[in-house]
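> Once you've had a glance at the structure underneath, I'll fire off some questions.
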Amino acid sequence: MSSKYKIGILGGSFDPAHKGHLAISIEAQKKFDLKKIIWAITTKNPLKKRSKTTIADRIKGCRKIIKSKKFIKVKFYEKIIKSNKTIDLLNHIYRATKTDIYFLMGADNLINFHRWHKWKIISQKYKIIVFDRSGYKKKSLNSISFKRLNGKNLSFVEFKKVNISSSQLRKI
C-alpha cells in the first residue's frame with residue numbers, strides 16, 4: 001500500500017446523517033490528504049438496534065448533508081459483499097482500488113472496537129483515524145483497543161467537535 005491516492009471510509013447506519021459526519025469528513029480530507037471519502041451505509045450496526053429508516057431514505061439524507069462536497073461519495077456495499085462486517089467492506093474496497101485506506105470513526109466507537117469482527121486485522125491492514133467526540137475522549141483513550149494498538153496505524157484527532165449524534169437526532 002504505497003500509492004499516494006488515499007481513500008477515507010466512514011461506515012455507519014447514518015440514521016440520520018448529520019453535520020458531525022460532514023465535519024469529520026472535511027477534517028480527515030484536509031488533515032490526511034484524502035482524495036475521496038466514502039460514506040458506507042450499513043443496514044445495521046452489529047452492536048446496535050436495527051434502523052427503522054430505509055436504506056434509500058438514509059442515502060437521500062446523506063446526499064442532502066453532503067450537498068456540493070464532490071469528494072464524498074455515498075455507497076451501499078452490503079448486497080455486493082454479502083456482509084455488514086467492516087473488515088469485509090475494507091478488503092472489498094482495497095481489492096477494487098488498490099489504494100491506501102483510512103478508516104474513520106468517532107471516539108465512541110473506539111471504546112468497543114475490540115468487540116468488532118477481526119478488529120486486530122483491520123488495525124494491521126488499514127490506518128484508523130479516530131475523531132474525538134464530546135464526553136468520550138477519556139474512555140476511548142483508556143479503551144482496550146487504544147491500549148493494544150498503542151498508536152500503531154491509529155491517529156487520534158482532536159478538533160472543534162460538533163456536539164450531535166444520530167441517536168440524539170432520532171429522539172427529536
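> Anything in region 51-80 that is surrounded by fewer than 17 Cβ atoms within 10 Å (Cβ to Cβ) and either in contact with a Pro (Cβ under 8 Å, 6 or more places away or on another chain) or within 24 Å of residue 30 (Cβ to Cβ) (or both)? List them, or say none.
53, 63, 64, 67, 68, 69, 70, 71, 73, 75, listed by residue number.
> Of the residues 64, 70, 52, 48, which single one is at pLDDT 95 or above and not in a helix (DSSP H, G or I)?
70
> Test residue 97 against the stated conditions and say whether it is among the β-branched types (Val, Ile, Thr), under 13 Å from residue 38 (Cβ atoms), out of contact with any helix residue (DSSP H, G or I) (no Cβ under 8 Å at 6 or more places or on another chain) and surrounded by 14 or more Cβ atoms within 10 Å (Cβ to Cβ).
Here the answer is yes, as residue 97 does meet what is asked.
> Please indicate, with yes or no, whether at least one residue in region 40-53 is over 22 Å from residue 117 (Cβ atoms) and either over 12 Å from the mean Cα position of the chain (by Cα) or of a type in the set (S, T, N, Q) (or both).
Checked region 40-53: at least one residue is over 22 Å from residue 117 (Cβ atoms) and either over 12 Å from the mean Cα position of the chain (by Cα) or of a type in the set (S, T, N, Q) (or both).
> A follow-up question, please. For residue 17, are the conditions met, namely being in contact (Cβ under 8 Å) with a residue 24 or more places away in the chain, out of contact with any Pro (no Cβ under 8 Å at 6 or more places or on another chain), assigned to a loop (DSSP other than H, G, I, E, B) and farther than 22 Å from residue 146 by Cα?
Here the answer is yes, as residue 17 does meet what is asked.
> Let me ask you something else. Considering only region 32-50, state which residues are surrounded by 14 or more Cβ atoms within 10 Å (Cβ to Cβ) and over 17 Å from residue 70 (Cβ atoms).
32, 40, 41, 42, 43, 45
> Here is a further query. On the basis of being assigned to a helix (DSSP H, G or I), among the charged types (D, E, K, R), surrounded by 14 or more Cβ atoms within 10 Å (Cβ to Cβ) and in contact with a strand residue (DSSP E or B) (Cβ under 9 Å, 6 or more places away or on another chain), does residue 133 make the cut?
On the way: assigned to a helix (DSSP H, G or I): no; among the charged types (D, E, K, R): yes; surrounded by 14 or more Cβ atoms within 10 Å (Cβ to Cβ): yes; in contact with a strand residue (DSSP E or B) (Cβ under 9 Å, 6 or more places away or on another chain): yes.
Criteria not met by residue 133.
> Working only within region 36-65, note down all residues that are in contact with a strand residue (DSSP E or B) (Cβ under 7 Å, 6 or more places away or on another chain), within 17 Å of residue 90 (Cα to Cα) and touching a residue at least 40 places away in the same chain (Cβ under 8 Å).
37, 38, 40, 42
> Further question on the same structure: Would you check which residues across region 13-46 are over 15 Å from residue 131 (Cα atoms) and among the polar types (S, T, N, Q) and list them?
13, 42, 43, 45, listed by residue number.
> Inspect all residues belonging to region 122-131 and state whether any of them is under 17 Å from residue 21 (Cα atoms), touching a residue at least 12 places away in the same chain (Cβ under 8 Å) and of a type in the set (Lys, Arg).
Checked region 122-131: no residue is under 17 Å from residue 21 (Cα atoms), touching a residue at least 12 places away in the same chain (Cβ under 8 Å) and of a type in the set (Lys, Arg).
The values are calculated or read from the model by the stated rules, or taken from the named source; none is laboratory data. Predicted, not measured: the structure shown is a model, and the values here were computed from it. Ideal geometry is used to build each Cβ from the backbone, glycine not excepted, and the neighbour counts take in all protein chains shown.
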